[in-house]
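Peer 1: The structure that follows is given in the form of structure tokens.
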Amino acid sequence: MPASYAYLGPEGTFTEVALRTLPETATRQLIPYVSVQSALDAVRTGEAEAAFVPIENSVEGGITTTLDELVAGAPLMIYREVLLSITFALLVRPGTELSDIKTVSAHPAAQPQVRNWLKANLPDAVWESAASNADAARLVQEGRYDAAFAGEFAAARYGLEALETEIHDAENAQTRFVLVGRPARPAAPTGADKTSVVLWQRDDHPGGLRDLLGEFATRGINLMVLQSRPTGAGIGNYCFCIDAAGHIADRRMAEALMGLKRICHDVRFLGSYPRADMTAADVPAPQPGTSDGEFVSAADWVARCQDGRF
């Protein structure tokens, strides 16, 4: 049997469409799972080589289910990311009219992306959340709900019709997906990478978050994502999920992570991997004093001072 990739199913999800853009899927068995949790657990237990799941969208932000699964449990690591433009279709059983729709369903992350359309066109429809948009389409096929917001491509798979297409409240909406596997050596840097970590503070004190962010700022590292997630230890107890520009092999990133490890209660490394939104040619030049060469030169100067060779 070929190696397998788990993904948020059932068949016909945006996750599956994004996954199939990866060239290596031609040699992998793609297995749908009913939830993000079960897909990631398949990796933890060895049932799958990797899992492909949504982690962020440009309208609502982080997909909290995915973030919380990466924060807790046995460690996993991100190896790749994919960006997919998202637009929805309203899928219904054949013969259904807009006036017939009393219930609509989709993944919770879809609701903020169609909220205004729903208010304008189906103000009285009851929203019912589903495990995925494709699962909502399946439930419409079974007669559980009247309509589902999903990709138009899912209509034929579930015997439905697209009553409306190109539904989105925000132009150019995108969802970011990540390929997650068991911890291993990160791939070599490409020059256009990002590093993801989770940080837990030692204690709650004024300026605590500033101290964490300062480890990045003083080394000229740009942050792309900063999100707080509750730890479950009580109100006001949070950890911080961060995406930062750069690779752990970069001297400035490695030093920032070392600094964070010194001052944090805990640090979870989630991976260094290629960015999907740019290539090395698009990466801005580092701020003065923050290039790898300058870090090496400064370390060499300290060594010379220690040897009395300054």
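Peer 1: Between a residue in region 284-310 that is under 21 Å from ILE221 (Cβ atoms) and any residue that is small (Gly, Ala, Ser), which pairs come within a Cβ distance under 6 Å, given they are 6 or more apart or on different chains?
Peer 2: From residues that are under 21 Å from ILE221 (Cβ atoms), the pairs are PRO286/GLY220; GLN287/GLY220; THR290/GLY220.
Peer 1: Still on this structure: Here are ASP277, ASP243, ASP250: which of them is in contact with a Leu (Cβ under 9 Å, 6 or more places away or on another chain) and surrounded by 15 or more Cβ atoms within 10 Å (Cβ to Cβ)? Write out each step before concluding.
Peer 2: Values: ASP277 fails: surrounded by 15 or more Cβ atoms within 10 Å (Cβ to Cβ); ASP250 fails: in contact with a Leu (Cβ under 9 Å, 6 or more places away or on another chain).
Just a single option satisfies the conditions, and that option is ASP243.
Peer 1: Which of the residues spanning region 60-73 are assigned to a loop (DSSP other than H, G, I, E, B), farther than 14 Å from LEU8 by Cα and touching a Pro at 6+ places or on another chain (Cβ under 9 Å)?
Peer 2: Step one: filter region 60-73 for residues assigned to a loop (DSSP other than H, G, I, E, B), giving 60, 63, 72-73.
Okay, now just the ones that are also farther than 14 Å from LEU8 by Cα, so 60, 72-73.
Listed by number, the list holds a single entry, GLU60.
Peer 1: Hey, among ALA217, ALA187, which residue is exposed (fewer than 15 other Cβ atoms within 10 Å of the Cβ) and either farther than 19 Å from GLY62 by Cβ or among the charged types (D, E, K, R) (or both)? First the steps, then the outcome.
Peer 2: Values: ALA187 fails: exposed (fewer than 15 other Cβ atoms within 10 Å of the Cβ).
Only one candidate passes the filter, namely ALA217.
Peer 1: In addition: From the list LEU257, LEU223, pick out the single residue that is more than 23 Å from GLY73 (Cβ to Cβ) and in contact with a helix residue (DSSP H, G or I) (Cβ under 9 Å, 6 or more places away or on another chain). Even if it seems obvious, please write down each step before you answer.
Peer 2: Details: LEU257 fails: more than 23 Å from GLY73 (Cβ to Cβ).
None of the other options fit; the residue is LEU223.
Peer 1: Would you call VAL34 open to solvent by less than 10 Å² (accessible area, probe 1.4 Å) and either closer than 17 Å to GLY9 by Cα or free of Cβ contacts under 8 Å to residues at least 40 places away in the same chain (or both)? Talk me through it step by step, then tell me what you get.
Peer 2: On the way: open to solvent by less than 10 Å² (accessible area, probe 1.4 Å): no; either closer than 17 Å to GLY9 by Cα or free of Cβ contacts under 8 Å to residues at least 40 places away in the same chain (or both): yes.
It is false that VAL34 is open to solvent by less than 10 Å² (accessible area, probe 1.4 Å) and either closer than 17 Å to GLY9 by Cα or free of Cβ contacts under 8 Å to residues at least 40 places away in the same chain (or both).
Peer 1: Mind listing just one residue for me: the one in region 37-51 that is open to solvent by less than 50 Å² (accessible area, probe 1.4 Å) and part of a helix (DSSP H, G or I) and, of those, farthest from ALA134 (Cα to Cα)?
Peer 2: Applying the filter and picking the extreme gives VAL43.
Peer 1: While we're here: Somewhere in region 107-117, is a residue of a type in the set (A, V, I, L, M) and farther than 19 Å from GLY61 by Cα?
Peer 2: Going through region 107-117, the residues of a type in the set (A, V, I, L, M) turn out to be 109-110, 114.
Now drop any that are not farther than 19 Å from GLY61 by Cα, which leaves none.
Looking for residues that are of a type in the set (A, V, I, L, M) and farther than 19 Å from GLY61 by Cα, one finds none in region 107-117, hence no.
Peer 1: Residues of region 205-221 being without any contact (Cβ under 8 Å) to a residue 40 or more places away in the chain and not polar (S, T, N, Q), which ones? Please lay out each step first, then the result.
Peer 2: Restricting attention to region 205-221, the residues satisfying the condition of being without any contact (Cβ under 8 Å) to a residue 40 or more places away in the chain are 205-210, 213-214, 217-218.
Answer for region 205-221, where residues must be without any contact (Cβ under 8 Å) to a residue 40 or more places away in the chain and not polar (S, T, N, Q): HIS205, PRO206, GLY207, GLY208, LEU209, ARG210, LEU213, GLY214, ALA217.
Peer 1: Give region 198-212 a look and list any residue that's farther than 24 Å from ALA48 by Cβ and buried (at least 18 other Cβ atoms within 10 Å of the Cβ), or say none.
Peer 2: Within region 198-212, the subset farther than 24 Å from ALA48 by Cβ is 199-212.
LEU199, GLN201, LEU212 - these are the residues of region 198-212 that are farther than 24 Å from ALA48 by Cβ and buried (at least 18 other Cβ atoms within 10 Å of the Cβ).
Peer 1: Give the residue, chosen from THR25, THR13, that is polar (S, T, N, Q) and in contact (Cβ under 8 Å) with a residue 60 or more places away in the chain.
Peer 2: Details: THR25 fails: in contact (Cβ under 8 Å) with a residue 60 or more places away in the chain.
THR13 is the lone residue from the list that is polar (S, T, N, Q) and in contact (Cβ under 8 Å) with a residue 60 or more places away in the chain.
Peer 1: Hey, another quick one. Residues being surrounded by 22 or more Cβ atoms within 10 Å (Cβ to Cβ) and among the aromatic types (Phe, Trp, Tyr): count how many of those fall in region 52-85.
Peer 2: Looking only at that region, the number is 1.
Peer 1: If you check GLU60 against the conditions, is it of a type in the set (Asp, Glu) and at pLDDT 90 or above? Please lay out each step first, then the result.
Peer 2: Numbers: of a type in the set (Asp, Glu): yes; at pLDDT 90 or above: no.
In short, no.
Peer 1: Any idea which residue in region 227-240 is least open to solvent (accessible area, probe 1.4 Å), counting only those that are free of Cβ contacts under 8 Å to residues at least 24 places away in the same chain and farther than 14 Å from VAL71 by Cβ?
Peer 2: Selected residue: GLY234.
The values are calculated or read from the model by the stated rules, or taken from the named source; none is laboratory data. Remember, it's a predicted structure, so these values are computed and weren't measured experimentally. Every residue, glycine as well, gets a Cβ built from its backbone with ideal geometry; the counts of neighbours run over all protein chains shown. All accessible areas refer to the heavy atoms of the entire protein, side chains included, with ligands and DNA or RNA removed. Shrake-Rupley method; radii C 1.70, N 1.55, O 1.52, S 1.80 Å.
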